[in-house]
1. Take segment 1-35 and flag every residue that is aliphatic (A, V, I, L, M) and either in contact with a strand residue (DSSP E or B) (Cβ under 7 Å, 6 or more places away or on another chain) or in contact (Cβ under 8 Å) with a residue 60 or more places away in the chain (or both).
2. Do we find a residue being within 10 Å of the chain's Cα centre (by Cα) and part of a loop (DSSP other than H, G, I, E, B) anywhere in segment 26-36?
3. I need the full set of residues from segment 4-13 which are exposed (fewer than 15 other Cβ atoms within 10 Å of the Cβ) and either touching a Leu at 6+ places or on another chain (Cβ under 9 Å) or at pLDDT 90 or above (or both), in order please.
4. Can you report the number of residues in segment 40-66 which are under 18 Å from Gly83 (Cβ atoms) and assigned to a loop (DSSP other than H, G, I, E, B)?
5. Contact list please: Cβ distance under 6 Å, first residue in segment 53-71 and closer than 10 Å to Gln26 by Cα, second residue in a loop (DSSP other than H, G, I, E, B) and open to solvent by 60 Å² or more (accessible area, probe 1.4 Å), pairs at least six apart or on different chains.
6. How many residues are at pLDDT below 95, under 20 Å from Gly8 (Cα atoms) and aliphatic (A, V, I, L, M) when one looks only at segment 45-66?
7. Can you report the number of residues in segment 14-73 which are of a type in the set (D, E, K, R) and open to solvent by less than 30 Å² (accessible area, probe 1.4 Å)?
Amino acid sequence: MIVDPRTGEECDQSEPGIVCGAGVEQWPDAASAQQRADYLETGLSAAPILGTEYNTLQDNLLLRVSGKLSPSVADQYQAALAG
């Protein structure tokens, strides 16, 4: 997990979640990563109280960025993943 202070969240440094910044999940294959992304999208859409995320797939990697960050910051994380 990446703790990004720009989220404005008080985060437990020993167990930070996506709301604290960003993280990359590695899955066995691209199809599994897509299933996880779809699951997250469905869950967050059904329960807006859980917040929002920017999700980006690259092969078997799923980048999750807190929706508390601006789109331009999410773009920076996406560029770093692609780089």
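The values are calculated or read from the model by the stated rules, or taken from the named source; none is laboratory data. Because the structure is a prediction, the values reported are computed rather than measured. Every residue, glycine as well, gets a Cβ built from its backbone with ideal geometry; the counts of neighbours run over all protein chains shown. Just the protein is used for accessible areas: all its heavy atoms, side chains included, with ligands, DNA and RNA removed. Shrake-Rupley method; radii C 1.70, N 1.55, O 1.52, S 1.80 Å.
1. Once the filter is applied, which keeps residues that are aliphatic (A, V, I, L, M) and either in contact with a strand residue (DSSP E or B) (Cβ under 7 Å, 6 or more places away or on another chain) or in contact (Cβ under 8 Å) with a residue 60 or more places away in the chain (or both), segment 1-35 yields Met1, Ile2, Val3, Ile18, Val19, Ala22, Val24, Ala33.
2. no
3. Answer for segment 4-13, where residues must be exposed (fewer than 15 other Cβ atoms within 10 Å of the Cβ) and either touching a Leu at 6+ places or on another chain (Cβ under 9 Å) or at pLDDT 90 or above (or both): Pro5, Arg6.
4. Looking only at that region, the number is 2.
5. Between residues of segment 53-71 that are closer than 10 Å to Gln26 by Cα and residues that are in a loop (DSSP other than H, G, I, E, B) and open to solvent by 60 Å² or more (accessible area, probe 1.4 Å), the close pairs are Asn60/Trp27; Asn60/Asp29.
6. Summing the residues that are at pLDDT below 95, under 20 Å from Gly8 (Cα atoms) and aliphatic (A, V, I, L, M) in segment 45-66 gives 2.
7. 1
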